[in-house]
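For reference, the structure discussed in these notes is given below.
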Amino acid sequence: MFFRLLMGCALTTTALAQTTTAQFELANLREDVRGLVQRVGELSLRVEQLERENAELRRKSAAADGRTVATVAQLNEAVAELNRTIKTAVATSKTETLQVVSTQMEKLARQTNAALDALAKPAAPAAAPTARPAATTTFAEDYPKEGSNYVVQKGDTLAVIAKKTGAKQQDIVNANKISDPSLIKIGQTLFIPGAK
């Protein structure tokens, strides 16, 4: 009997150990299930968040469909077209500027030529001043016929020439038919009657 009792105790202990192991495994299983339920709850929240974000992106995409979307190639073509337009405008501007400058230069040239022509033409004689005596137009022939030539130098006047050569000023005027003594020029050759 003792053996039976011992056997019964062993069986009971084994059964008890198996029950404890089973309870322990059941507790572990429950903990695993609770962890899985919590993880499923977190994943459900994440799925809901992604669905909201997806819906927002779809809404933005639908709103963007109403706007024009350009590709990089289209943008490059638009920039190239803009560059061509700018180059054409610059070339046109240069041409117009050159035409304006050319017109102004021609106008300035005409004005300059007119001013030069006006300077080259003798001025219309003004009324003779009353204080100035009329120039002598008749010359006497009573001067010495012998003499020498003289080249007018800088600073020479008829009076200076007469003094240098020892001739009379009126004889120089008559011999060279000088109607206005102030018009003798440097380098002009004059005949000096009776020059010493």
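A short reminder: the numbers here are calculations on the coordinates, not readings from a lab. Since the structure is predicted, the reported quantities are computational estimates derived from the model, not experimental observations. No Cβ is skipped: glycine too gets one built from the backbone with ideal geometry, and neighbour counts run over all protein chains shown.
Numbers below:
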{"item": "Lys, Arg +1 and Asp, Glu -1 on Cβ, resulting dipole of region 147-193 about Cα centre, debye, nearest 20", "result": "100"}
{"item": "Set of aspartates and glutamates near residue 145 by C-alpha distance (under 18 Å), chain-local residues within fewer than 8 positions excluded", "result": "171"}
{"item": "Entries in 121/185; 121/163; 121/164 that, when Cα-Cα distance is taken, lie over 27 Å", "result": "121/163; 121/164"}
{"item": "Prolate/oblate/rounded label for region 70-119 (Cα gyration tensor, a/c 1.5)", "result": "prolate"}
{"item": "Peptide ranges 141-147, 109-115 listed from the most packed, as the mean C-beta count within 10 angstrom indicates", "result": "141-147, 109-115"}
